[in-house]
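Q: Structure below; questions to follow.
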Amino acid sequence: MRYQGLTDEIYSLRYYPYDSVSEGGFSADLAQYKAMEFAYRLYVTNHYLYVPGSTLSYLDTIIAKEGFDRKDPSVVSKVAKYIQGAAVYNSEFDPMLNSESDVVVSFLRDYKEGICQHFASAATMLYRALGIPARYTIGYASDTVAGEWTDIDSLKAHAWVEVYIDGLGWVNVEVTGGGPVFGEGGSIGGKPSVIYIKPADEIKQYDGLPLYAESVVGATVNDIYYFRELLNEGYTYKAIFEGDRTEIGETYSQILSFEFYAPNGKKETGIRFRYLFGRLKVVEEAVITVRPYSLQKYYDGTPLMYDENDYTISGLPQGYSLRLSLKGIGLTDAGVLDLSVFEALSVKVFNEAEVDVTNRFYITFDAEYALMVSRRKITVTTASDVKIYDGKPLINGEHRVSLGSLAENDSISVTVTGMITDIGKANNTVGKISIKNLAGKDVTKNYDIIVLLGVLEVLEG
């Protein structure tokens, strides 16, 4: 199917992953739809079942050995799982593989390692050999968050398979055993690939001198958190700003150039930054700045709370008093406090005579380094296993938290998807990790999880 139109228009597409539709087909009662779908089904069976003779011969041996049956309502899932465990994902695979006369057979039988395009090609041919219409599909795969824009670039390019389900149409099937979707080991809930930053907002009372931006902060609450997390780990930056304000009023500042450095002093290229505008504001009133204490801890399932007077004040005239309580403000989940939490608080200023003079001052909160709960770091390792070839799949669902620990009363669930039947090696891959607290709430987002994959190996008898 092809979509065409203006690139600046937003449009929606229906997405059907195979595991979200009923295995065994989908029925629709609308007579017109059924007639149109049946006509298209004939086209599909005429164009998406071709398999070269040499490839078909080898795939028939796999079908016989694995006992795949086209009439089995779970056959699509079983084939996907087989392909995922048939080889090891390796972005540095032997380039000679792509020069072979039959890449699919060579991938499954000889090389047993490759990338998404090899897994998808092999699965497409295997489905077709079973009489299931299938097509090789290329596009992009990326984690997304509801309500937030996600940047997609060439680094997220991916290949997968679409199979045709009678009565429904094409549905997506993920068949890659490792790499960007299933993981060849890596981080779950790690750093985002793009962080939005801006010049920190600056404000002062008019003094005839220009006001400039002086530092960089995250542009949203999530960006503030991730940027601070990086700085806490020893990352540094250099920035040049544009924009200034001298007269009373407000204007914007922007980042002209930004360089980010890893703790070892080398430029960091794995994280991309997008720039938004900061704010420069000059006011007539005297400015009082409230700075909440920079409290911080790793997530442990309990709240990190401010006490009543956990802040400092600058700009308050001698003899004057400021009345503000931070008691009861805190965080349990990983993140930072939104500035709006502070701005909603009641703040009063009194002079020496205990007269309320709040309206004489411009009160602002500097929450750049306010309370922060960091994600708890753990490493999850799947089991390695080995056996002599017996024609049956080797599966080992064991796993352990090999480094770090869960917060008290949290429990972890790991879906281990690795499998191998033929002689060779395969990563013991992970499909999903979820962590819940005692109340059953999913708290996975509070963890930075490193995944280390064991290896499943089948030896010659």
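Q: Scan the range 366-393 residue by residue and report those that are crowded, with 20+ Cβ neighbours inside 10 Å and over 22 Å from the mean Cα position of the chain (by Cα).
A: Result: Ala367, Ala370, Leu371.
Q: Can you confirm whether the range 270-278 contains a residue that is of a type in the set (Lys, Arg) and assigned to a strand (DSSP E or B)?
A: Yes, the range 270-278 contains at least one residue that is of a type in the set (Lys, Arg) and assigned to a strand (DSSP E or B).
Q: Of all residues in the range 55-74, which are over 12 Å from Ala129 (Cβ atoms) and either at pLDDT 85 or above or in a helix (DSSP H, G or I) (or both)?
A: Lys65, Gly67, Asp69, Lys71, Asp72
Q: Out of curiosity, is Thr269 of a type in the set (Val, Ile, Thr), on the phi < 0 side of the Ramachandran plot, surrounded by fewer than 13 Cβ atoms within 10 Å (Cβ to Cβ) and at pLDDT 95 or above?
A: On the way: of a type in the set (Val, Ile, Thr): yes; on the phi < 0 side of the Ramachandran plot: yes; surrounded by fewer than 13 Cβ atoms within 10 Å (Cβ to Cβ): yes; at pLDDT 95 or above: no.
The answer is no for Thr269.
Q: Within the range 232-250, restricting attention to residues that are more than 28 Å from the chain's Cα centre (by Cα) and surrounded by 16 or more Cβ atoms within 10 Å (Cβ to Cβ), which residue is farthest from Leu211 (Cα to Cα)?
A: Among those residues, the one meeting the criterion is Phe241.
Q: Let me ask another. Output yes when any residue across the range 404-416 is touching a residue at least 60 places away in the same chain (Cβ under 8 Å), surrounded by 17 or more Cβ atoms within 10 Å (Cβ to Cβ) and of a type outside the set (A, V, I, L, M, F, W, C), and no when none is.
A: There is at least one residue in the range 404-416 that is touching a residue at least 60 places away in the same chain (Cβ under 8 Å), surrounded by 17 or more Cβ atoms within 10 Å (Cβ to Cβ) and of a type outside the set (A, V, I, L, M, F, W, C).
Q: Could you tell me how many of the residues in the range 224-274 are under 18 Å from Tyr196 (Cα atoms) and of a type in the set (Asp, Glu)?
A: Residues meeting the conditions: 4.
Q: Being under 30 Å from Asp201 (Cα atoms) and not basic (Lys, Arg) narrows it down to one of Tyr447, Tyr389, Tyr369, so name that one.
A: Of Tyr447, Tyr389, Tyr369, the one residue that is under 30 Å from Asp201 (Cα atoms) and not basic (Lys, Arg) is Tyr369.
Q: Could you identify the single residue in Ser253, Ser325, Ser294 that is polar (S, T, N, Q), touching an Asp or Glu at 6+ places or on another chain (Cβ under 8 Å) and not in a strand (DSSP E or B)? Talk me through it step by step, then tell me what you get.
A: Working: Ser253 fails: not in a strand (DSSP E or B); Ser294 fails: touching an Asp or Glu at 6+ places or on another chain (Cβ under 8 Å).
Of Ser253, Ser325, Ser294, the one residue that is polar (S, T, N, Q), touching an Asp or Glu at 6+ places or on another chain (Cβ under 8 Å) and not in a strand (DSSP E or B) is Ser325.
Q: Suppose we keep only residues that are exposed (fewer than 15 other Cβ atoms within 10 Å of the Cβ), closer than 19 Å to Ser346 by Cβ and among the basic types (Lys, Arg) within the range 291-327. Which one would you say is nearest to the chain's Cα centre (by Cα)?
A: Only one residue fits best here, namely Lys327.
The values are calculated or read from the model by the stated rules, or taken from the named source; none is laboratory data. Note that this is a predicted model, so its numbers are computed, not measured. Neighbour counts are summed over all protein chains in view; Cβ atoms, including those assigned to glycine, are modelled from backbone coordinates with ideal geometry.
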